[in-house]
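Student: Dumping the structure here so I can ask a few things about it.
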Amino acid sequence: MAKNTMTLTDNRNGKSYEYNIIDGTRGPSVVDISTFYKDSGMFTYDPGYTSTASCESKITFIDGENSELRYRGYDIADLAGKHSFLDVSYLLMRGKLPTPEASKNFDLEIRHRSFLNEGIIRLFDALPDGAHPMATMGAATMALAAFYKDHLHLEDEEQFKMMRRRILAKMPTIAAMAYRNSIGTPLIYPDVNKYFTENFLYMLRAYPGGRMKYLGDGKNQEIRQVEIDALDAIFTLHADHEQNASTTTVRNVGSTEAHPYVAIASGISALWGSAHGGANEKVMDQLKLIGDVKNVPTYIAKAKDKNDPFRLMGFGHRVYKNRDPRAETLKGLQDKLREELNLDSKLLDVAAAVEEAALKDDYFKERGLYPNIDFYSGVILTALKIPVEMFTPIFVIGRTPGWLSQWSELKQDPKHKIARPRQLYTGN
Ligand code: ACO
C-alpha cells in the first residue's frame, strides 16, 4: 500500500522523479524504483544488493538490530525444539502450522517419499570415492528433474504440493547416500518406521541390516532421542533466512521457468561456498587450531590486532549486530547435549573459553560481535558424531523447506519477472 513518496533529483539537469514509498508489515520501507530506468534512462547501482529488496515476501522476517527471527510470524524460539522440523517445514510452505491430523499425514507421506529411484542411486556409482557430499547432492538433486518430468507444468495445485514434499523427503536420503558413497560404505535405504531426522541419522550410522553397533569394539551407535531432538532443532534453525544468497539463487533460477529440482540444485551450489553455508567448518578448524584453553587469550589478542588478518570465526554477522537469535537456542542445546551425552570434549572447553573471553571483552562488545549460528552448530554436530564434510549438507536439508517456500511464493507472485539486473559498463 503506497503511503508516501520520495523525490530523486538529477542535479545535472534539475529534473526530478517521484517514487512511491511502500511500507511492509514490519521492517524498513522500500522505495519502488521499478520505473526508474523508463523515467530517467539511468540504472541504480547496488553491488551485492545491500540496499535492494528483490521481492515482496510473507515468509520470514529478520530484525538484525533486535535479534529477531520469525517464520510466518512465529518467533524462532517458539519453534525450534518445540515443534518438529516437519511441522515447521509445513508452516513455511503452507503458511500455517498443521493440525495434529495434518501433521501425522504429512509425516507419513514424507517417510514414504524418502526413497530414491534406483537410477539416481546408480548415478552415485559414477562419482569417485572422496567426492565431497555437496557435489554429489547437487548432481543427484539436478538428476531428479530427469526422473520427474511431470512437474514441468505446475498449474495443478496438487502436483505443485507433491513436488515440494518429494524434494523435502528425498534430501536426507540424498545427503546420507552422498556421504556413504564418498567413503565407500554400503548405502542404507530409508526406514519408513522412522521419523525424518531419526531416519537421516540412521542412514548415516547404520550397518547393512540395520545393525547399529560396531562389531569390533562395541562402540555405541544407537540413536538417542536427545540427538534426534538436537538435530531436528538445528534443521529448524536453518530452515529459512529470507533473501540470503542461496535463496536468491533459487528465486533467480526459478524466475526463468526452469524446473523446480534444478532451482533447488542451484541453491545447493550457492550454499556450498565458505562465505555462506561453509562457515561452520571454519569454526571447527579454528577451535582445533586454538587447541587448548590456555591458548585462548593469544587468539583473542590476534583477533583484536588490526595488523593481524586473523578473525574469530563464528563471531559477528552482517545482519545481526546484536545476539544471533539462533545462537541462543543452540547454546542451550550444546549445554544439554554435554550433560546428557556425558561429553568430555576438549573442543567444547575451548569453545566455552573463547565465548566467555569474547563476551566480556570491550573490543567485541563495542562492535556488537556475538557468537553466530555457526559458532555453536559445528560443535553440536561434532557432538552428534557428524563428520565435518556433512555440516553443509545438513544446512541443505534444513534450508530445503525455505527454498521450496520461496520458490513457490515467486511462482504465485503475479508481479514476478525474470531476474535480469543491469550493469554499469566500464570496459572498452
Ligand atoms: N573477529 C574480530 N573482529 C571482527 C570480527 C571477528 N570475527 N568480525 C568483525 N570484526 C570487526 C572488524 O574488524 C571491524 O572492526 P573495525 O570497525 O575496527 O574496523 C568491525 O568488527 C566490523 O566488521 P565488518 O567486517 O565491517 O562487519 P561485517 O558486517 O561486514 O562482517 C562478518 C560480518 C563477515 C560475518 C564478520 O563478522 C566476520 O568475518 N565474522 C567471522 C566469520 C564468520 O563467523 N562468518 C559466519 C557468519 S554467519 C553466516 O554467514 C551463516
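Student: Report yes if some residue within the stretch 284-293 is among the small types (Gly, Ala, Ser), in contact (Cβ under 8 Å) with a residue 12 or more places away in the chain and within 17 Å of residue 385 (Cα to Cα); otherwise report no.
Tutor: no
Student: Taking the condition closer than 26 Å to residue 27 by Cα, within 16 Å of the ligand (Cβ to nearest atom) and either open to solvent by 30 Å² or more (accessible area, probe 1.4 Å) or part of a loop (DSSP other than H, G, I, E, B) (or both), does residue 242 pass?
Tutor: Details: closer than 26 Å to residue 27 by Cα: yes; within 16 Å of the ligand (Cβ to nearest atom): yes; either open to solvent by 30 Å² or more (accessible area, probe 1.4 Å) or part of a loop (DSSP other than H, G, I, E, B) (or both): yes.
Spelling it out, residue 242 is indeed closer than 26 Å to residue 27 by Cα, within 16 Å of the ligand (Cβ to nearest atom) and either open to solvent by 30 Å² or more (accessible area, probe 1.4 Å) or part of a loop (DSSP other than H, G, I, E, B) (or both).
Student: Turning to a different aspect of this structure: Output yes when any residue across the stretch 374-386 is of a type in the set (Val, Ile, Thr), surrounded by fewer than 17 Cβ atoms within 10 Å (Cβ to Cβ) and not in a helix (DSSP H, G or I), and no when none is.
Tutor: Filtering the stretch 374-386 for residues of a type in the set (Val, Ile, Thr) gives 379-380, 382, 386.
Then keep just the ones that are surrounded by fewer than 17 Cβ atoms within 10 Å (Cβ to Cβ); that gives none.
The answer is no; no qualifying residue exists.
Student: Further question on the same structure: Could we say that residue 33 is touching a residue at least 12 places away in the same chain (Cβ under 8 Å) and under 30 Å from residue 372 (Cα atoms) here?
Tutor: no
Student: I need a count of the residues in the stretch 120-159 that are open to solvent by 20 Å² or more (accessible area, probe 1.4 Å), at pLDDT 95 or above and within 18 Å of residue 190 (Cα to Cα).
Tutor: 0
Student: While we're looking at this one, here's another question. Could you tell me how many of the residues in the stretch 131-159 are assigned to a loop (DSSP other than H, G, I, E, B), over 24 Å from the mean Cα position of the chain (by Cα) and not aromatic (Phe, Trp, Tyr)? Reasoning before the result, please.
Tutor: The initial filter retains those residues of the stretch 131-159 that are assigned to a loop (DSSP other than H, G, I, E, B), namely 131-132, 148, 153-156.
Of the ones still in play, those that are also over 24 Å from the mean Cα position of the chain (by Cα) are 148, 153-156.
After this cut, where a residue has to be not aromatic (Phe, Trp, Tyr) as well, the list is 153-156.
Residues flagged as assigned to a loop (DSSP other than H, G, I, E, B), over 24 Å from the mean Cα position of the chain (by Cα) and not aromatic (Phe, Trp, Tyr) within the stretch 131-159 amount to 4.
Student: Next question, about the same structure. State whether the residues of the stretch 252-259 include one that is within 16 Å of the ligand (Cβ to nearest atom), under 22 Å from the mean Cα position of the chain (by Cα), surrounded by 14 or more Cβ atoms within 10 Å (Cβ to Cβ) and touching a residue at least 60 places away in the same chain (Cβ under 8 Å).
Tutor: no
Student: Has the stretch 199-221 got any residue that is closer than 21 Å to residue 88 by Cβ, open to solvent by less than 20 Å² (accessible area, probe 1.4 Å), assigned to a loop (DSSP other than H, G, I, E, B) and in contact with a Lys or Arg (Cβ under 8 Å, 6 or more places away or on another chain)?
Tutor: The answer is no, given that none of the residues of the stretch 199-221 is closer than 21 Å to residue 88 by Cβ, open to solvent by less than 20 Å² (accessible area, probe 1.4 Å), assigned to a loop (DSSP other than H, G, I, E, B) and in contact with a Lys or Arg (Cβ under 8 Å, 6 or more places away or on another chain).
Student: When you go through 330, 341, 337, 359 one by one, which is the residue that is under 27 Å from the mean Cα position of the chain (by Cα), modelled with pLDDT under 90 and more than 21 Å from residue 238 (Cβ to Cβ)?
Tutor: 341
Student: Could you count how many residues in the stretch 160-191 are open to solvent by 50 Å² or more (accessible area, probe 1.4 Å) and at pLDDT 95 or above?
Tutor: 1
Student: Another question, if that's okay. If residue 368 passes every condition in (1) away from the ligand (no atom under 11 Å from the Cβ); (2) on the phi > 0 side of the Ramachandran plot but one, which one does it miss?
Tutor: Tallying (1) away from the ligand (no atom under 11 Å from the Cβ); (2) on the phi > 0 side of the Ramachandran plot, residue 368 fails exactly one: (1).
Student: Another question about this same structure. Does residue 348 fit the bill of being surrounded by fewer than 24 Cβ atoms within 10 Å (Cβ to Cβ), away from the ligand (no atom under 13 Å from the Cβ) and touching a residue at least 40 places away in the same chain (Cβ under 8 Å)?
Tutor: no
Student: Residue 99 fails exactly one of the following numbered conditions: (1) closer than 30 Å to residue 28 by Cβ; (2) at pLDDT 95 or above. What is the number of that condition?
Tutor: Unmet condition: (1).
The values are calculated or read from the model by the stated rules, or taken from the named source; none is laboratory data. Since the model is a prediction, treat every value here as computed from it, not as a measurement. Using ideal geometry, Cβ is built from the backbone for each residue, glycine included, and neighbour counts are taken over all protein chains shown. Areas reflect the complete protein model, heavy atoms only, side chains present, ligands, DNA and RNA absent. Shrake-Rupley method; radii C 1.70, N 1.55, O 1.52, S 1.80 Å.
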